[in-house]
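*Asks:* Let me give you the structure first, and then I'll get to my questions.
Just so it is clear, none of the values below were taken in a lab; they were calculated from the coordinates. Here the structure is a predicted model, which means the values were calculated and not measured. In this analysis, Cβ positions are derived from the backbone assuming ideal geometry, glycine residues included, and neighbour counts consider all displayed protein chains.
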Amino acid sequence: EAGVAQSPRYKIIEKRQSVAFWCNPISGHATLYWYQQILGQGPKLLIQFQNNGVVDDSQLPKDRFSAERLKGVDSTLKIQPAKLEDSAVYLCASSQPPGQGAYEQYFGPGTRLTVT
Amino acid sequence: DQQVKQNSPSLSVQEGRISILNCDYTNSMFDYFLWYKKYPAEGPTFLISISSIKDKNEDGRFTVFLNKSAKHLSLHIVPSQPGDSAVYFCAASGTSGTYKYIFGTGTRLKVLA
């Protein structure tokens, strides 16, 4: 079974530039998550999708971050314009839908973003 | 407001000995807990989980203990192996609603050969 795919793996941009990350979840996983992990901290949920719909984006800085999930499969996370404090690893994860008894999330390798 | 805390940023253990990693939580609505292991330049990998209806779950060398009254869980690794050297995160969620996971800050385990 293929895992969660993410690209790019690394990205360096200057502040005020824009950047986009892509995620392809495990086939059949209806729930998709984007996390931000700053060095020395645990992953922090940015947005959670159930199929095409957003179920939680309470910690997404909506003035600069946006995310979409096309056709309930792939997802993109965009930052525009980037700030220095956005430097972090952006992790995508997927899981079975809630209520199906399996709560484990499966993570991709992440995208390390450096904003200079 | 840090709802899930891992107070030990690092831990060193001799190969073959027991590793004990601790996690505390504050939200009594959490009823499902997971441990993840993370190697450098990789995403976290699911290790073991426990529901609040249990106080222990075992999978090979890994055992998770849950003390609901103390809002505390621990991961025991016996025997510890050099390949276990990684950062370990605990995460907590409620199993109703959106299943939002809250992660701790991680504990870096180093198993010495």
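*Asks:* For the protein assembly as shown, give the share of DSSP beta bridges that are antiparallel, in percent and rounded to the nearest 5; count only bridges with both residues there.
*Replies:* 90
*Asks:* Could you compute how fast chain B diffuses translationally, taking Rh as the Kirkwood radius over C-alpha pairs and applying Stokes-Einstein at 10 °C with viscosity 1.306 mPa s? Give it in µm² per second.
*Replies:* Result for D is 113 µm²/s.
*Asks:* Find the Rg to Rh ratio for the protein assembly as shown, where Rh is the Kirkwood radius over alpha-carbon pairs and Rg uses the same atoms.
*Replies:* That ratio is 0.97, to two decimals.
*Asks:* Next question. Filter A:Lys44/A:Lys83; A:Lys11/B:Lys5; B:Lys54/B:Lys100; B:Lys5/B:Lys100; B:Lys5/B:Lys54 down to the pairs with a C-alpha to C-alpha distance above 26 Å, please.
*Replies:* Over 26 Å apart, Cα to Cα: A:Lys11/B:Lys5.
*Asks:* If you find the alpha carbon centre of the range B:26-55 and of the range A:1-46, how far apart are they in angstrom?
*Replies:* Their Cα centres are 20 Å away from one another.
*Asks:* Suppose we take every Cα in the range B:26-65 and form the convex hull; what volume per residue is that in Å³?
*Replies:* 89
*Asks:* Something else about it: log₁₀ I(q)/I(0) of chain A at q = 0.10, 0.20, 0.21 Å⁻¹, via Debye over equal Cα point scatterers, no solvent, to two decimals?
*Replies:* At q = 0.10, 0.20, 0.21 Å⁻¹ the computed log10 ratios are -0.27, -1.05, -1.15.
*Asks:* Calculate the spin-label point distance for B:Ser12 paired with A:Lys62, positioning each point 7 Å from the Cα along the beta-carbon direction, and give it in nanometres.
*Replies:* Spacing of the two 7 Å Cα→Cβ label points: 4.9 nm.
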